[in-house]
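Q: Quick one: the structure is below, and I'll ask about it shortly.
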Amino acid sequence: NYDKPVTYLKEYDTIPAPTDPQAQIAARLPAALFYWLAETARKADKWSEAETYYSRVTRHPDPGDLLAGAWWQLGDVQSHRKEWPPAVASYEKYRQLKPDAKDATTVLLALGRAQLGAQNYDAAKKLGEQALLQEPEGPRSAAARMLLGETAFATQSYPEAARMFATLAVLFDDPKITPQAISRAADAFERAGDARSVADWRQKLKDKYPQYQPSPYL
């Protein structure tokens with residue numbers, strides 16, 4: 001029951017903290033409570049509340065083995081809310097706490113997307129390139145190519161963006177990624193002034209994915 005603990009927690013937060021150090025420890029709520037509240041809120045799409053409770057885990061004096069996971073989930077929630085600089089900071093904190101996982105492709109892609117949102121384009125490109133080098137094939141490769149294409153588009157490197165999106169559209173046959181890549185290839189060719197390619201790629205999109213509705217990357 002998510003609502004009842006939240007009500008009790010609000011009451012708890014109004015009580016002045018004990019002055020005695022031992023009493024403070026005895027009165028401390030466990031980090032696991034905040035983590036459970038955060039997870040429950042996130043699954044219910046209560047993103048603001050999830051951010052609040054993950055943050056309380058990260059600030060907890062005794063978070064135990066929940067700390068790294070809280071930073072990762074906090075980064076994801078902040079990314080969902082388009083709070084890009086805080087998301088970058090949260091992902092970086094996770095990488096510090098988990099050195100063995102800091103260069104995992106999923107971590108690189110999440111951080112790269114946040115860096116793109118924060119307009120740190122050089123960092124986003126570097127992370128995308130590293131992710132693509134690590135996994136040149138498969139779905140994470142597609143995500144890396146999309147990140148690199150969007151980074152190139154954001155820096156007005158439109159021919160490079162068009163090449164990256166077009167390559168992605170040719171290499172992958174996925175009902176979500178492929179039409180997005182085709183659409184973005186047409187956008188990039190349009191910015192590059194290549195009217196013939198724009199027409200070709202938009203016709204491909206119309207023929208193969210007539211119901212596709214463009215959605216923002218960030």
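Q: Just name the residue that is surrounded by the fewest Cβ atoms within 10 Å (Cβ to Cβ) out of those in the stretch 137-150 that are farther than 20 Å from Asp76 by Cβ and at pLDDT 95 or above.
A: Ser141
Q: Within the stretch 36-82, work out how many residues are part of a loop (DSSP other than H, G, I, E, B) and buried (at least 19 other Cβ atoms within 10 Å of the Cβ).
A: Summing the residues that are part of a loop (DSSP other than H, G, I, E, B) and buried (at least 19 other Cβ atoms within 10 Å of the Cβ) in the stretch 36-82 gives 2.
Q: Go through the stretch 106-122 and give me each residue that's under 28 Å from Leu66 (Cα atoms) and either in contact (Cβ under 8 Å) with a residue 40 or more places away in the chain or surrounded by fewer than 19 Cβ atoms within 10 Å (Cβ to Cβ) (or both).
A: Thr106, Arg113, Leu116, Gly117, Ala118
Q: Taking the stretch 83-101 as the region of interest, how many residues are basic (Lys, Arg) and either open to solvent by 60 Å² or more (accessible area, probe 1.4 Å) or without any contact (Cβ under 8 Å) to a residue 12 or more places away in the chain (or both)?
A: Selection size over the stretch 83-101: 2.
Q: Test Glu190 against the stated conditions and say whether it is in a loop (DSSP other than H, G, I, E, B) and charged (D, E, K, R).
A: For Glu190, the condition - in a loop (DSSP other than H, G, I, E, B) and charged (D, E, K, R) - is not met.
Q: Test Val170 against the stated conditions and say whether it is part of a helix (DSSP H, G or I) and open to solvent by 50 Å² or more (accessible area, probe 1.4 Å).
A: yes
Q: Going by the conditions given, is Leu108 in a helix (DSSP H, G or I), aliphatic (A, V, I, L, M) and within 13 Å of Leu147 (Cβ to Cβ)?
A: For Leu108, the condition - in a helix (DSSP H, G or I), aliphatic (A, V, I, L, M) and within 13 Å of Leu147 (Cβ to Cβ) - is met.
Q: Does Met146 qualify as being of a type in the set (A, V, I, L, M) and in contact (Cβ under 8 Å) with a residue 40 or more places away in the chain?
A: yes
The values are calculated or read from the model by the stated rules, or taken from the named source; none is laboratory data. Because the structure is a prediction, the values reported are computed rather than measured. Reconstructed Cβ throughout: ideal geometry from the backbone, glycine too, with neighbour counts over all protein chains shown. Ligands, DNA and RNA are excluded from the accessible area calculation, which covers all protein heavy atoms including side chains. Shrake-Rupley method; radii C 1.70, N 1.55, O 1.52, S 1.80 Å.
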